[in-house]
Each structure stands twice: as structure tokens, then as C-alpha cells.
Amino acid sequence: MTLERTVRLRFGHLSRASGTHTNLSAVRSDGPVLWIAGDETATLERLVADDPERPEEYAEDASFRLADFVTLPGEDADEEADIEGVARHGHFLWAVGSHGLRRKQIKARHEGARALRRLSRVVGQDNRQILVRLPIARSDGLPTPVPTLEVDGETHHAAALAPEDNLRALLARDEHLAMFLPIPGKDNGLDIEGIAVHGDRVYLGLRGPVLRGWAFVLELRPYVDPALPTRLQLRPFEDGRAYRKHVLDLDGLGVRDLCPAGDDLLVLAGPTMDLDGPVRVYRWHGATGVEMPEVVRDEMITREVELTYGEGDDHAEGLGLVGPPGSKQAMIVYDSPAVARFHGDDVVLADIINLP
């Protein structure tokens with residue numbers, strides 16, 4: 001890994017209490033701030049740079065509840081949404097949940113039949129099945145989510161896919177993915193772990209399933225009907241489907257995050273199953289100009305960076321470009337950070353790496 005430096009991410013009391021700082025799953029740079037997500041809350045965090053040119057620390061943590069902007073599908077608005085990807089484009093901040101199921105874990109205190117019963121339990125959470133778009137305004141000079149935003153005489157509302165339009169329902173008849181819907185995400189079931197937005201296209205990276213070594217990226221075209229301003233709808237592609245599938249040769253790995261880089265997409269890739277590594281950054285060349293389903297291999301995709309990883313910790317989960325337009329530097333944030341990444345009880349170190 002071509003590590004350039006580390007930066008400090010300083011989290012407030014609420015983020016620490018909910019464990020966000022130990023479960024970082026997504027990151028996006030937005031001028032003077034970072035947007036951060038953890039996978040055990042239904043919030044987005046905003047951290048502010050100490051130096052816009054070359055930050056050494058991001059602090060002044062502000063937490064924004066998704067339920068304050070959109071209606072979440074779960075009965076409990078604060079039930080975790082397992083947010084695995086954030087994107088920033090135009091007037092909007094986007095977030096996506098994993099849409100996956102979860103298998104109970106065997107813990108140290110569980111033995112025998114009790115342990116086996118626990119391992120047989122598979123649960124789902126409605127709040128994981130979200131795709132949301134929040135308008136961003138300036139407040140005290142900082143990008144801030146708002147319920148509505150007026151731009152050139154047009155009003156933009158916070159919006160989400162309706163529960164009946166959620167992606168699990170759309171994929172229920174898919175010839176590749178439908179059979180994996182009942183399988184937990186970490187068992188090679190459906191698990192969305194990255195989002196990138198370019199123009200009117202939204203790209204969702206799947207950690208799982210991986211089929212015979214091929215990873216999936218879904219492409220969507222969300223829009224809002226003025227008659228239903230808080231509801232995202234999906235414009236169909238030429239074949240009538242509300243999504244388009246691309247398969248990527250990531251050497252058997254799944255997608256952990258996506259990040260636009262000009263007309264390309266950077267792909268953070270790691271194991272689908274509960275393994276430590278390998279972890280790599282790939283570049284899908286010309287991804288945002290593709291007008292048909294693609295089999296992405298050979299010269300279309302290149303391995304850019306090999307990342308380090310720990311044994312049981314330091315799992316790279318979020319990737320975002322930092323610096324001015326055209327920057328060749330990216331930030332990596334980690335789920336289950338290694339002990340060495342913690343400075344006190346409120347600071348976690350993220351890595352800034354150099355891209356080729």
C-alpha cells in the first residue's frame with residue numbers, strides 16, 4: 001500500500017456511544033467536510049477539516065438522523081440501517097443500506113445445542129432496505145442536509161425508494177440474484193456495500209453474491225415525479241427492467257465500496273465471506289459511459305493498489321477521493337480498526353493513500 005499519511009477522525013459523544021467510530025463503513029469528501037457512515041446506526045456523520053488544503057484532523061462531529069428527513073421502513077426509526085455506502089453528487093447526498101440478512105453469531109459464552117441454534121437463526125431488518133437522497137444546503141458555510149432545497153425556482157425534497165419498490169423486491173425474479181436473497185450477506189447472500197453517483201446514474205456495488213469469481217454492480221436511474229416529491233422511482237432501461245447488471249472480474253473478491261474518478265469508477269474490493277483479505281483497489285475504466293450491460297475484464301479493469309489488512313481487524317470498508325479535482329489521493333476508513341488506530345477514546349486514524 002502506498003501510504004501517504006494518516007489523518008485523525010475525532011468523533012463526538014453520540015457517535016462513540018453508538019459505536020460508529022469502530023464500525024466505519026463509508027466515507028465521502030465534500031469540500032471542507034467528510035461524510036461518514038457506520039453500519040450500526042440510522043445516521044450520517046459530518047466531520048470538519050482543520051485545514052482545507054491539507055487536513056490533519058477532521059472533528060466537530062455532527063450527527064444527522066435519516067428519520068428526520070425521510071420515512072424509514074422499520075417500525076423503530078432508530079433501528080440500524082446498516083448504511084454501507086454514501087455518495088455526494090450535485091445538490092444531493094445519497095446513502096444506501098446493505099439490504100442483506102444477518103445470521104446470528106456464536107459467541108464465547110455459547111456452547112453445544114445453544115450455539116447451533118443461534119447459528120441457525122437468520123434475521124432481517126426493514127431499515128437495511130433503504131436508498132435515500134438528501135438535499136444539501138450551506139449552513140454556517142458547511143454542507144448540511146435539509147428536508148427541502150430551492151434551486152433556480154425548483155424545489156428538491158429529501159426522498160427515498162418506497163418500501164414496495166425496494167431492491168430486494170425488484171430482484172425477487174432475477175435469474176442471477178434471486179436465489180441469494182434468503183442467504184445472509186456474510187454467507188455470500190445479497191449484500192450492497194458501495195454506492196457511486198454520476199449524472200442521473202446510481203451504481204451499487206455488491207459484496208455478495210460473487211458467482212464463479214464474478215462480482216456484481218447494479219446500475220439504477222432514480223428520478224422524482226413532482227406529484228410524489230418525497231418518493232424515488234426507478235426509470236426502466238431498454239429491456240424494461242428497473243436496473244442494469246454489470247459483472248466485474250475482481251479476482252474472486254466482492255465490492256466493498258465504489259467511488260467516481262472522472263469517467264472511471266474506483267472499486268474497493270475484499271472477500272465476500274468473513275475473511276480478512278486480500279483487499280485491493282481496482283479501476284473500472286470508462287464505467288460511467290457504458291450504455292449496455294458489461295462483462296468487465298482484461299483491459300477494462302486494472303488493479304491499482306494492494307491494501308494491508310489485519311488478523312481479525314483493520315477491514316477496509318470505505319474509499320473516497322480527497323483533495324482538489326483530479327486528485328490522485330484517496331482516504332480509506334476501516335471497520336474493526338486495529339488498536340493502534342485509536343488515539344484516546346474519541347480519535348480513530350484513517351489512511352490517505354496515493355493512487356497510480
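Of the listed requirements (1) at pLDDT 95 or above; (2) crowded, with 21+ Cβ neighbours inside 10 Å, GLU60 misses just one: (2). Within segment 1-25, track down each residue that is in contact with a Gly (Cβ under 9 Å, 6 or more places away or on another chain), without any contact (Cβ under 8 Å) to a residue 60 or more places away in the chain and either surrounded by fewer than 19 Cβ atoms within 10 Å (Cβ to Cβ) or aliphatic (A, V, I, L, M) (or both). Answer for segment 1-25, where residues must be in contact with a Gly (Cβ under 9 Å, 6 or more places away or on another chain), without any contact (Cβ under 8 Å) to a residue 60 or more places away in the chain and either surrounded by fewer than 19 Cβ atoms within 10 Å (Cβ to Cβ) or aliphatic (A, V, I, L, M) (or both): just GLY19. Per the conditions (1) at pLDDT 95 or above; (2) surrounded by 14 or more Cβ atoms within 10 Å (Cβ to Cβ); (3) over 20 Å from the mean Cα position of the chain (by Cα), the sole criterion not satisfied by THR148 is (2). Restricting attention to segment 330-346, the residues being surrounded by 16 or more Cβ atoms within 10 Å (Cβ to Cβ) and either under 19 Å from the mean Cα position of the chain (by Cα) or in a strand (DSSP E or B) (or both) number 7. Among the residues of segment 241-259, is there at least one that is within 26 Å of ILE130 (Cα to Cα), aromatic (Phe, Trp, Tyr) and not in a strand (DSSP E or B)? Checking segment 241-259: at least one residue is within 26 Å of ILE130 (Cα to Cα), aromatic (Phe, Trp, Tyr) and not in a strand (DSSP E or B).
So in segment 130-141, with the set limited to residues that are out of contact with any strand residue (DSSP E or B) (no Cβ under 6 Å at 6 or more places or on another chain) and either under 23 Å from HIS99 (Cα atoms) or in a strand (DSSP E or B) (or both), which one is modelled with the highest pLDDT?
Among residues in segment 130-141 that are out of contact with any strand residue (DSSP E or B) (no Cβ under 6 Å at 6 or more places or on another chain) and either under 23 Å from HIS99 (Cα atoms) or in a strand (DSSP E or B) (or both), the one modelled with the highest pLDDT is ARG138.
Residues in segment 267-319 that are outside any loop (DSSP other than H, G, I, E, B) and aromatic (Phe, Trp, Tyr): TYR282, TRP284.
From the residues in segment 292-318 that are surrounded by fewer than 16 Cβ atoms within 10 Å (Cβ to Cβ) and modelled with pLDDT of 95 or more, which one is nearest to VAL217 (Cα to Cα)? The residue in question is VAL295. Candidates are the residues of segment 86-110 that are assigned to a loop (DSSP other than H, G, I, E, B), of a type outside the set (A, V, I, L, M, F, W, C) and at pLDDT 90 or above; the one that is nearest to PRO184 (Cα to Cα) is GLY100.
To keep it simple, each residue is scored yes or no on (1) buried (at least 22 other Cβ atoms within 10 Å of the Cβ); (2) not in a strand (DSSP E or B).
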position	(1), (2)
GLU84	yes, no
THR144	no, no
THR155	no, no
GLU164	no, yes
MET179	no, yes
LYS186	no, yes
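Only one entry in LEU171, LEU204 is part of a helix (DSSP H, G or I) and modelled with pLDDT of 95 or more, namely LEU171. Residue count for segment 206-241 satisfying the condition of being among the basic types (Lys, Arg), farther than 30 Å from MET273 by Cα and surrounded by 13 or more Cβ atoms within 10 Å (Cβ to Cβ): 1.
Test of understanding: among LEU349, LEU355, LEU321, which residue is buried (at least 19 other Cβ atoms within 10 Å of the Cβ) and either within 21 Å of the chain's Cα centre (by Cα) or not aliphatic (A, V, I, L, M) (or both)?
Result: LEU321 is the single residue among LEU349, LEU355, LEU321 that is buried (at least 19 other Cβ atoms within 10 Å of the Cβ) and either within 21 Å of the chain's Cα centre (by Cα) or not aliphatic (A, V, I, L, M) (or both).
HIS99 fulfils the conditions (1) in contact with a Gly (Cβ under 9 Å, 6 or more places away or on another chain); (2) under 14 Å from THR43 (Cα atoms) except for a single criterion, (2). Counting the residues of segment 32-57 that are among the charged types (D, E, K, R), crowded, with 18+ Cβ neighbours inside 10 Å and more than 16 Å from VAL347 (Cα to Cα) gives 1.
The values are calculated or read from the model by the stated rules, or taken from the named source; none is laboratory data. Please read all numbers here as calculations on a predicted model, not as lab measurements. Positions of Cβ are backbone-derived with ideal geometry, glycine not excepted, and every protein chain shown enters the neighbour counts.
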